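Would you mind keeping the following structure in view while I ask a few things?
The values are calculated or read from the model by the stated rules, or taken from the named source; none is laboratory data. Being a predicted model, the structure only gives us computed values, none of them experimental. Note: ideal-geometry Cβ built from the backbone for every residue, glycine included; neighbour counts use all protein chains shown.
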Amino acid sequence: MKCSYLLTDGRQSSYGPADRWSASEAYLAAVTLDGAALVVVLAAGAAALAEVARRFDVALGAPGALAYLGGALAHVLIFEAPPSALVAGVEEPAAAAIALGAAILAGIACGRPGGGPVLVRERLLGAAVVSALYLASVLVVTPF
């Protein structure tokens, strides 16, 4: 079963079982995993979808990659290294480093040249740099 839609430039694109698989992968990851492992899986999914969108010019790949990356960053900022960690540190610095590191690498992978508008790529790379600074700040504050 496949659905089709018309893109704004007149090309026709379609989505089907692969897109439902991507949504079900995110759901299964959220149900079965937690902590840094969940962030690593979501970040890997974001990087994979961004690469598929880049190589094969898939219309829904880039928004899907951003959704995965957003989910990974949201989990990091809520559970692994909340903003209060800038003052009090984190209980598990290794988990926070792994989770934020995976999100940073996924942001860099999504912001690579070759796909999407330049402004979006610049913002993704800027967010990766800010995330790296956030990681360094959290890790510096944690021992104290």
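Got at least one residue in the stretch 64-86 being surrounded by fewer than 16 Cβ atoms within 10 Å (Cβ to Cβ) and either in contact (Cβ under 8 Å) with a residue 12 or more places away in the chain or among the charged types (D, E, K, R) (or both)?
The answer is yes; a qualifying residue exists.
Go through the stretch 79-93 and report how many residues are in a helix (DSSP H, G or I) and charged (D, E, K, R). Please lay out each step first, then the result.
First, the residues of the stretch 79-93 that are in a helix (DSSP H, G or I): 79-80, 85-88, 93.
The next check asks that each one be charged (D, E, K, R); those that pass are 80.
Result for the stretch 79-93: 1.
Just one of L49, L28 is at pLDDT below 90, crowded, with 20+ Cβ neighbours inside 10 Å and in a helix (DSSP H, G or I); which is it?
Values: L28 fails: crowded, with 20+ Cβ neighbours inside 10 Å.
Criteria check complete, one pass: L49.
Hey, R112 hits all of (1) modelled with pLDDT of 90 or more; (2) surrounded by fewer than 17 Cβ atoms within 10 Å (Cβ to Cβ); (3) not in a helix (DSSP H, G or I) but one; which does it fall short on?
(1)
Please work out if A43 is of a type in the set (A, V, I, L, M, F, W, C), more than 14 Å from the chain's Cα centre (by Cα) and under 29 Å from V140 (Cα atoms).
Numbers: of a type in the set (A, V, I, L, M, F, W, C): yes; more than 14 Å from the chain's Cα centre (by Cα): no; under 29 Å from V140 (Cα atoms): yes.
So A43 fails the test.
Moving on to the next point. List, please: which pairs have Cβ atoms under 9 Å, are six or more places apart or on different chains, and start with a residue in the stretch 22-44 that is under 14 Å from A95 (Cβ atoms) and end with one that is surrounded by 18 or more Cβ atoms within 10 Å (Cβ to Cβ) and charged (D, E, K, R)?
Pairs that qualify, where the first residue is under 14 Å from A95 (Cβ atoms) and the partner is surrounded by 18 or more Cβ atoms within 10 Å (Cβ to Cβ) and charged (D, E, K, R), are G35/E80; A36/E80; V39/E80.
Related question: When you look at T8, is it farther than 18 Å from A103 by Cβ and modelled with pLDDT of 70 or more, yes or no?
Values: farther than 18 Å from A103 by Cβ: yes; modelled with pLDDT of 70 or more: no.
Criteria not met by T8.
With respect to A23, determine if the residue is surrounded by 15 or more Cβ atoms within 10 Å (Cβ to Cβ), at pLDDT 50 or above, small (G, A, S) and within 21 Å of the chain's Cα centre (by Cα).
Details: surrounded by 15 or more Cβ atoms within 10 Å (Cβ to Cβ): no; at pLDDT 50 or above: yes; small (G, A, S): yes; within 21 Å of the chain's Cα centre (by Cα): yes.
In short, no.
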